[in-house]
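Structure first, then comments.
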Amino acid sequence: MTTVRTKKLKIGMVLADDVRDIKGRLLLSRGKAIDPDHIRIFKIWGIPQVEVAGGPEDDDAPPAPIDPAWLEAARQEAEQLFILTERDHPAIKEIFNQAVQYRATRRTLPPPDSLPPEEASAPAKEPNRDFLEKFIDQDIALPEIPSIVIELNEVISDPLSTADQMAQVINKSPSLTALLLKIVNSSFYGLPSRVDRVSLAVTLIGTRELSSLALGISILSIFKSIPSSLLTMRSFLKHSLACGIIARLLAAQKSMRQTEQMFTAGLLHDIGRLILFIYFPEEALGCLRRARQTSDRLYQVEKKRLGCHHAQIGKYLLNRWRLPLFIENTVCFHHEPADAPDPVPAAIVHVADLLVNALGIGTSGERLVPTLDARAWETLELSPSCFEVVIHQTIHQLNTLEFLLPGNRP
Ligand SMILES: [Fe+2]
Ligand SMILES: [Fe+2]
């Protein structure tokens with residue numbers, strides 16, 4: 001009997017043990033020969049590896065053991081980053097352990113504190129407590145959303161819209177079509193055969209699902225750069241993409257139907273911070289500095305200094321763009337999920353954001369791992385043991401979606 005990772009499974013291998021999902025439901029019994037559909041199902045359900053009959057394959061060597069020195073360095077680093085969290089909470093305990101393993105394997109070092117130095121003679125800036133009002137009053141010249149976003153929105157909100165109408169909208173944009181087909185053919189969906197046209201992708205994945213995915217991708221493409229003194233666009237988008245992937249996987253664990261909308265909500269969760277970085281870099285820098293000096297949560301510093309935080313700015317923007325209320329509210333309450341009209345989606349993005357910060361995949365400015373809202377965690381009714389599979393799948397899917405990040409676009 002040998003353990004084989006899902007991506008290395010070959011057709012015809014025989015299962016030496018039952019394969020079950022995270023809730024213990026039987027997916028495939030021992031003794032079955034593996035076919036392409038089985039591999040697809042394992043990928044969708046996040047099965048990282050299975051037991052097969054026979055000896056090890058030559059190219060399936062076990063992962064190299066982690067250097068104890070790196071493990072210890074990662075543990076010490078995590079001790080610092082987790083200071084705001086309730087370390088005895090079972091979910092945090094598991095996330096901490098997974099983060100140490102991940103950071104030790106990747107040998108990631110904490111990013112240097114790259115904020116520009118504060119000028120000694122600079123007068124202290126008064127907090128701007130009416131920021132959202134000022135932001136709305138000034139009617140900041142936000143980039144116009146492309147007409148395709150408006151059309152996608154119409155497709156999503158119209159219950160009678162058809163797969164053909166959806167495909168027609170997407171086909172108007174060759175770049176969006178190319179991106180979507182790349183996503184659809186990646187392991188993000190794990191489809192058994194190649195999809196070469198949008199109409200087929202819509203049929204396989206669903207009208208609302210594909211349009212929601214297209215919506216998120218189109219919106220983040222609007223913004224091109226962040227002042228490099230704050231952080232890089234690539235790093236910000238990596239954080240957003242990983243959060244979207246994790247939100248989708250957690251939604252699948254909960255058997256939610258709106259998994260693609262959860263991906264979009266995760267992808268857009270910090271869009272308000274993107275607005276701050278791009279249009280109000282001085283205010284953003286002041287908040288980043290303050291959070292570093294005090295070890296306070298960045299969103300709380302924003303609230304104190306600006307009178308509102310990035311999630312509320314995000315809500316305003318998404319509302320102005322008439323995005324679905326589900327996405328608007330999930331983004332708005334991702335730091336305060338218990339206050340959300342629908343706490344489950346907000347709690348999913350809340351946990352996804354915490355996990356991304358714990359692993360250190362990209363950044364949206366937070367240095368420390370956020371606190372876990374215990375009520376939100378209870379709302380989800382998930383077991384901490386799900387994180388191992390979710391992290392494994394996230395890394396795999398993030399690698400296959402790397403082309404969405406700046407510098408990799410087709
Ligand atoms: Fe956030
Ligand atoms: Fe975030």
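Listed here are the residues, each with its yes/no results for (1) assigned to a loop (DSSP other than H, G, I, E, B); (2) buried (at least 18 other Cβ atoms within 10 Å of the Cβ); (3) aliphatic (A, V, I, L, M).
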| residue | (1), (2), (3) |
| --- | --- |
| A201 | no, yes, yes |
| E209 | no, yes, no |
| C243 | no, yes, no |
| S255 | yes, no, no |
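Among the residues of the stretch 277-314, write down those that are under 15 Å from L368 (Cβ atoms) and open to solvent by 10 Å² or more (accessible area, probe 1.4 Å). Hits for the stretch 277-314 are R289, R290, A291, R292, Q293, T294, S295, D296, R297, Y299, Q300. Select, from L401, L317, the only residue that is hydrophobic (A, V, I, L, M, F, W, C), closer than 27 Å to L180 by Cα, open to solvent by less than 40 Å² (accessible area, probe 1.4 Å) and away from ligand 1 (no atom under 14 Å from the Cβ). Of the residues listed, the single one that is hydrophobic (A, V, I, L, M, F, W, C), closer than 27 Å to L180 by Cα, open to solvent by less than 40 Å² (accessible area, probe 1.4 Å) and away from ligand 1 (no atom under 14 Å from the Cβ) is L401. Taking the criterion of being away from ligand 2 (no atom under 14 Å from the Cβ), outside any helix (DSSP H, G or I) and either in contact with a Gly (Cβ under 6 Å, 6 or more places away or on another chain) or not basic (K, R) (or both), the residues of the stretch 301-330 that qualify are G307, C308, W321, L323, P324. Among the residues of the stretch 218-234, those that are out of contact with any helix residue (DSSP H, G or I) (no Cβ under 6 Å at 6 or more places or on another chain) and either assigned to a helix (DSSP H, G or I) or polar (S, T, N, Q) (or both) comprise I219, L220, S221, I222, S228, S229, T232, M233, R234. With respect to the conditions (1) under 25 Å from F82 (Cα atoms); (2) within 15 Å of ligand 1 (Cβ to nearest atom), L250 lacks only one, and its number is (2). Of the listed requirements (1) over 22 Å from E260 (Cα atoms); (2) open to solvent by 10 Å² or more (accessible area, probe 1.4 Å); (3) of a type in the set (A, V, I, L, M, F, W, C), V344 misses just one: (1). Scanning the stretch 369-397 for residues that are within 16 Å of ligand 2 (Cβ to nearest atom) and open to solvent by less than 10 Å² (accessible area, probe 1.4 Å), we see that the one that is farthest from L230 (Cα to Cα) is A376.
Residue-wise test of (1) within 13 Å of ligand 1 (Cβ to nearest atom); (2) more than 16 Å from P337 (Cβ to Cβ).
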position	(1), (2)
T264	no, yes
D270	yes, no
R273	yes, yes
Y279	no, yes
R290	no, yes
V301	yes, yes
R305	no, yes
Q312	yes, no
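Out of E94, E86, one residue alone is in contact with a helix residue (DSSP H, G or I) (Cβ under 8 Å, 6 or more places away or on another chain), acidic (D, E), modelled with pLDDT of 80 or more and under 30 Å from N399 (Cβ atoms). It is E94. Which one is modelled with the lowest pLDDT among residues in the stretch 257-275 that are crowded, with 24+ Cβ neighbours inside 10 Å and more than 13 Å from ligand 2 (Cβ to nearest atom)? Applying the filter and picking the extreme gives Q261.
Does at least one position in the stretch 330-345 carry a residue that is among the aromatic types (F, W, Y) and within 14 Å of ligand 1 (Cβ to nearest atom)? For the stretch 330-345, residues among the aromatic types (F, W, Y) and within 14 Å of ligand 1 (Cβ to nearest atom): present. Here the strands (runs of 3 or more DSSP E) wholly within the stretch 1-65 that include at least 1 residues being surrounded by fewer than 18 Cβ atoms within 10 Å (Cβ to Cβ), in contact with a strand residue (DSSP E or B) (Cβ under 8 Å, 6 or more places away or on another chain) and modelled with pLDDT under 75 are 26-28.
The values are calculated or read from the model by the stated rules, or taken from the named source; none is laboratory data. Small disclaimer: the values here were computed from a predicted structure and weren't measured. Every residue, glycine among them, receives a Cβ derived from its backbone with ideal geometry; neighbour counts consider all protein chains shown. Heads up: the accessible areas ignore ligands, DNA and RNA and are worked out on the full protein's heavy atoms, side chains in. Shrake-Rupley method; radii C 1.70, N 1.55, O 1.52, S 1.80 Å.
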